[in-house]
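The values are calculated or read from the model by the stated rules, or taken from the named source; none is laboratory data. Given the structure is predicted, the values throughout are model-derived calculations rather than measurements. Using ideal geometry, Cβ is built from the backbone for each residue, glycine included, and neighbour counts are taken over all protein chains shown.
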Amino acid sequence: MVVPEGGTFLIGNVDLAGKSISGGGKIKKLSTAECAFHIKGDGTVIAGLTFQGMQTSGQPNTDVKLGDGARNIRIHGCTFRSPIYSAIAGAIDSSLPGGGAYAQQAEGVIIANNMFQGYARPLYLYSVSNLTITGNVIRDSLFDGLRLRENDGFCLIDSNQFINIGVPSWPDDQTRDAIDTYWSGKDLTITNNMVDTTAYIGFDLKGVAPDGSYNSSRVIVANNQIYRTRYEGIKISSGSEDPLAPHAAFYNVSGNIIHECNQNNREGRGGVGNAGIALLKVKHANVVDNFVFSCYGRGIFVNNPKSLDASGGDAEHKNKCIRISGNMCINNGQAASVSNSAGIISLGTGYMIVSENICGNDPGYPNSNMQGVGINISSTGTGFPNYKNTIVRDNICRNNVNYQIIITGADGLAVFEGNIQEGTNAAYRPWHHQRTHYAGNGIPSASDGMFRSGDKIQNIAATRTKHISHWLCVEDGTPGKWRAFGCGWGTTAERPVLGANDAGYQYLDSTLNKTILWDGGIWLGV
């Protein structure tokens with residue numbers, strides 16, 4: 001069926017069962033109808049139409065309803081500009097809490113290359129699986145640009161633009177996110193999207209249904225650009241008020257650019273808990289290779305939304321098994337709370353790797369000199385302690401206002417090494433002096449440069465008689481003063497030839513039947 005160009009057709013609740021409808025005409029939904037088109041059956045296609053419905057308010061009101069059990073649907077190249085609740089919806093009755101689950105989900109839906117302008121929630125999708133949303137422009141909505149509910153399994157959201165999402169005056173407590181998911185999105189991929197200005201969060205990804213029946217997992221959030229949100233750029237949480245609810249799990253957050261988010265915190269407004277990327281009750285997650293800069297809150301924030309006591313004293317309900325690596329967190333913070341503004345902050349998280357991140361202030365970008373701390377790893381907060389299982393290594397923190405790296409409860413760290421600190425309070429505390437480890441068959445020469453007390457060379461050429469395990473630098477210099485550690489054994493005739501820097505080496509002389517010590521010049525105890 002073709003809708004001729006230049007015509008406007010006033011319709012309501014028209015069933016499309018496996019039909020194809022296209023053209024250059026306008027479709028206007030009757031104000032008394034739930035929808036203009038109700039898609040049923042298998043293989044319906046809607047292409048190239050303009051939807052401009054009659055003024056109505058409230059739910060259910062939608063231009064296109066994805067029907068119970070409909071399959072293999074394509075909606076592409078259309079323009080949606082109706083002043084109603086949604087452009088495309090998939091629920092029995094969207095006015096009901098949870099949307100009203102279908103007996104059989106709509107399955108195999110492609111929504112591509114459309115323009116959505118206005119609406120309360122343009123894409124309002126419950127009971128939909130095998131869903132692809134790509135190449136769309138979604139702008140000027142009152143609430144969420146895209147809302148997913150129930151178990152929208154196998155979902156790809158790629159290369160869309162979200163612009164001016166939500167009413168900035170925020171007259172009520174409704175969410176206003178570019179993408180809002182709740183107990184949905186198993187096998188969910190969100191890639192290559194662009195977000196410019198939201199009245200709440202960029203991507204609000206909530207993992208567990210209130211009744212525990214669904215659990216979002218296997219989620220990829222990659223290569224998106226998120227700009228100027230009211231609160232977080234990306235927020236991942238269980239979404240449940242139950243402190244014993246399962247974690248959101250198996251999330252990969254990588255390659256995103258998040259900047260000038262947390263606008264509510266500008267000029268000291270708002271709380272300090274907002275962040276460019278926030279993980280609340282999450283496990284088995286990668287947060288890698290993201291750029292988080294000039295946000296008016298923290299950069300990357302990992303926290304437990306409920307306390308240890310509320311979780312029955314069970315430490316397994318904390319955040320855990322998280323890798324934060326290769327991120328650049330620059331100029332994140334707010335004037336009213338610089339001391340609490342960190343590039344990366346983790347409170348009571350276990351089994352974590354924080355490595356190869358760069359955190360600091362740079363005057364070449366907005367909000368410089370507001371990032372108070374580079375990296376803050378703490379066992380305080382909600383009562384969850386750090387265990388001896390966290391690795392902090394190979395990070396660069398420079399020019400942060402108050403501290404470069406703060407470790408609270410440091411006895412819980414398994415590894416702290418290779419970190420570069422430059423700026424205020426860049427102290428090398430005695431329990432985590434940072435030194436370099438090498439491998440070789442001897443001490444360095446002067447031409448090898450400067451070495452510091454504590455540098456270590458592991459011997460790769462140890463023998464029975466010259467069983468030096470390693471050399472340790474005991475005095476700064478070029479190449480410094482070194483001491484040997486180890487113990488060999490053999491006859492007097494087999495004693496190894498040693499030098500001045502091998503002082504401290506022990507040898508069990510079987511001829512003398514005693515252990516003797518090399519002092520750098522002679523054998524002692526002979």
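Quick notes on this structure:
- Subset of region 437-467 that is closer than 17 Å to GLY499 by Cα and among the aliphatic types (A, V, I, L, M) - its residue that is surrounded by the most Cβ atoms within 10 Å (Cβ to Cβ): ILE457
- Scanning region 228-257 for residues that are more than 9 Å from GLY202 (Cα to Cα), of a type in the set (A, V, I, L, M) and touching a Phe, Trp or Tyr at 6+ places or on another chain (Cβ under 7 Å) yields a total of 2.
- Checking each residue in region 170-217 for being of a type in the set (Lys, Arg) and at pLDDT below 85 picks out only LYS186.
- Of the set (1) in contact with a Gly (Cβ under 8 Å, 6 or more places away or on another chain); (2) over 22 Å from SER341 (Cα atoms); (3) modelled with pLDDT of 85 or more, all apply to GLY423 but (2).
- For region 63-90, residues that are buried (at least 24 other Cβ atoms within 10 Å of the Cβ) and either part of a strand (DSSP E or B) or basic (Lys, Arg) (or both) total 12.
- Members of region 223-241 that are farther than 19 Å from ARG176 by Cβ and crowded, with 20+ Cβ neighbours inside 10 Å: SER238, SER240
- Qualifying residues in region 153-169 (those that are more than 16 Å from GLU232 (Cα to Cα) and in a loop (DSSP other than H, G, I, E, B)) - the one farthest from the chain's Cα centre (by Cα): SER169
- Hits in region 124-152 (condition: crowded, with 24+ Cβ neighbours inside 10 Å and part of a strand (DSSP E or B)): TYR124, LEU125, VAL128, LEU131, ILE133, ILE138, SER141, LEU146, ARG147, LEU148
- Breaking point among (1) at pLDDT 95 or above; (2) outside any loop (DSSP other than H, G, I, E, B), for THR511: (2)
- Listing of strands (runs of 3 or more DSSP E) fully contained in region 443-490 that carry 1 or more residues being under 13 Å from GLY504 (Cβ atoms) and of a type in the set (Gly, Ala, Ser): 468-475, 481-490
- So ARG435, is it over 29 Å from GLY326 (Cβ atoms) and either at pLDDT 90 or above or outside any strand (DSSP E or B) (or both): no
- Test result for THR492, exposed (fewer than 13 other Cβ atoms within 10 Å of the Cβ) and either closer than 21 Å to ASP519 by Cβ or at pLDDT 90 or above (or both): no
- Some residue of region 28-43 being β-branched (Val, Ile, Thr), surrounded by fewer than 19 Cβ atoms within 10 Å (Cβ to Cβ), assigned to a strand (DSSP E or B) and out of contact with any helix residue (DSSP H, G or I) (no Cβ under 9 Å at 6 or more places or on another chain): no
- Which numbered condition GLY480 fails, given (1) surrounded by fewer than 17 Cβ atoms within 10 Å (Cβ to Cβ); (2) small (Gly, Ala, Ser); (3) at positive phi: (1)
- Per this entry, THR50 is counted among residues that are buried (at least 19 other Cβ atoms within 10 Å of the Cβ), touching a Gly at 6+ places or on another chain (Cβ under 8 Å), without any contact (Cβ under 8 Å) to a residue 60 or more places away in the chain and assigned by TED's automatic domain parsing to the domain that holds ASN13.
- Identity of the residue in region 272-308, among the β-branched types (Val, Ile, Thr) and surrounded by fewer than 22 Cβ atoms within 10 Å (Cβ to Cβ), that ends up modelled with the lowest pLDDT: VAL272
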